[in-house]
Structure formats: C-alpha cells, structure tokens
1. Could you go through segment 3-26 and let me know if any residue there is within 28 Å of E114 (Cα to Cα) and in contact with a Pro (Cβ under 7 Å, 6 or more places away or on another chain).
2. Determine which member of the set A35, A16, A86, A61 is surrounded by fewer than 18 Cβ atoms within 10 Å (Cβ to Cβ) and within 14 Å of the chain's Cα centre (by Cα).
3. Keeping to segment 49-80, report how many residues are among the hydrophobic types (A, V, I, L, M, F, W, C) and under 20 Å from K23 (Cα atoms).
4. So the check is Cβ under 9 Å with 6+ separation or different chains; which pairs have a first residue in segment 75-88 that's among the β-branched types (V, I, T) and at pLDDT 90 or above and a second one that's part of a loop (DSSP other than H, G, I, E, B) and crowded, with 18+ Cβ neighbours inside 10 Å?
5. I want to confirm something. Restricting to segment 19-32 and keeping residues that are touching a residue at least 24 places away in the same chain (Cβ under 8 Å), within 15 Å of G96 (Cα to Cα) and outside any loop (DSSP other than H, G, I, E, B), which single residue is farthest from the chain's Cα centre (by Cα)?
6. Which residue, of V47, V52, is in contact with a helix residue (DSSP H, G or I) (Cβ under 8 Å, 6 or more places away or on another chain) and crowded, with 18+ Cβ neighbours inside 10 Å?
7. Can you tell me how many residues in segment 33-53 are outside any loop (DSSP other than H, G, I, E, B) and either under 13 Å from V98 (Cα atoms) or among the hydroxyl-bearing types (S, T, Y) (or both)?
8. Cβ-Cβ under 8 Å, sequence separation 6+ or interchain: first residue in segment 51-67 and modelled with pLDDT of 95 or more, partner basic (K, R) and in a strand (DSSP E or B). Which pairs?
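The values are calculated or read from the model by the stated rules, or taken from the named source; none is laboratory data. This is a predicted model, so every value here is computed, not measured. Cβ placement follows ideal geometry from the backbone for every residue including glycine, while neighbour counts extend to all protein chains displayed.
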Amino acid sequence: MSLTVKKGHFDGLSGALEDIGKKNLFPTTYATDHATAANLHWHSEDVLVYLVKGKTYFLDADGNEYQLEAGDLITVPAGILHAEGAVNEPVVMLIGLVEAVPMDQFLVQRDPDELKEQST
C-alpha cells in the first residue's frame with residue numbers, strides 16, 4: 001500500500017463533508033498558515049486528508065512528493081511512512097478517520113524504527 005491522491009475529488013467544504021458522511025468517517029479539522037515539514041513517521045490508523053483550502057504536499061518513504069491543492073484527497077494507510085510538507089500559506093484540512101480515536105491517541109506520529117520492530 002502507498003499514499004494515494006485523488007485530484008479534484010470534492011468541491012469546497014460541503015463537498016468534503018458530504019464525502020466524509022458517505023464514508024462514515026469521524027472528522028476533525030486542521031488549519032494553519034505556517035508549519036515546518038514533519039519528519040518521516042506513520043500512524044496506527046488509516047487517515048484521509050481533504051484539503052479544503054490552500055496548497056501543501058506530502059512525502060512518501062522514497063522521497064516522492066505529492067502536491068496537493070484545494071479539492072484534493074490524500075489517503076494515508078495505517079503503517080505507511082510519510083511526512084506532511086511545509087505550509088507557507090493558509091491551509092484548511094478536514095481529516096477523516098475510520099474509527100473514533102481518543103484525543104491522546106489521535107494521529108500520534110510514530111517513529112519509523114517502531115514500524116520496523118513490529119514487522120520482525
């Protein structure tokens with residue numbers, strides 16, 4: 001499995017919310033106007049990211065860059081190494097999770113070495 005991007009998958013906030021509802025996801029919002037690029041990490045849950053406003057990118061474990069703009073959906077399967085790119089303009093993302101996760105466990109950035117340990 002790998003990161004997958006659906007370009008122009010939805011139109012605006014209402015389109016993202018409609019898709020989240022159809023998929024029975026648990027949504028939350030992430031909004032910022034500046035963020036440094038994240039280190040390579042993984043999550044224990046599948047994550048669907050709906051970019052509602054702005055532009056950003058994600059990187060996979062091989063360094064491939066996935067450019068995103070408003071209307072794009074990126075799916076990050078559980079256990080897949082990735083990094084969210086730097087943000088230099090206002091962005092708004094709706095994040096959909098397949099299961100409700102307690103706040104202290106929500107989207108914990110897990111160390112790549114932890115993933116290696118689990119696969120041995």
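1. No.
2. After ruling out the rest, the residue left standing is A86.
3. Number satisfying all stated conditions: 8.
4. From residues that are among the β-branched types (V, I, T) and at pLDDT 90 or above, the pairs are T75/L3; V76/L3; V76/H43; I80/L3; I80/H43; V87/G54.
5. D19
6. Unique residue meeting the criteria: V52.
7. The number of residues fulfilling the criteria is 4.
8. Q67/K55
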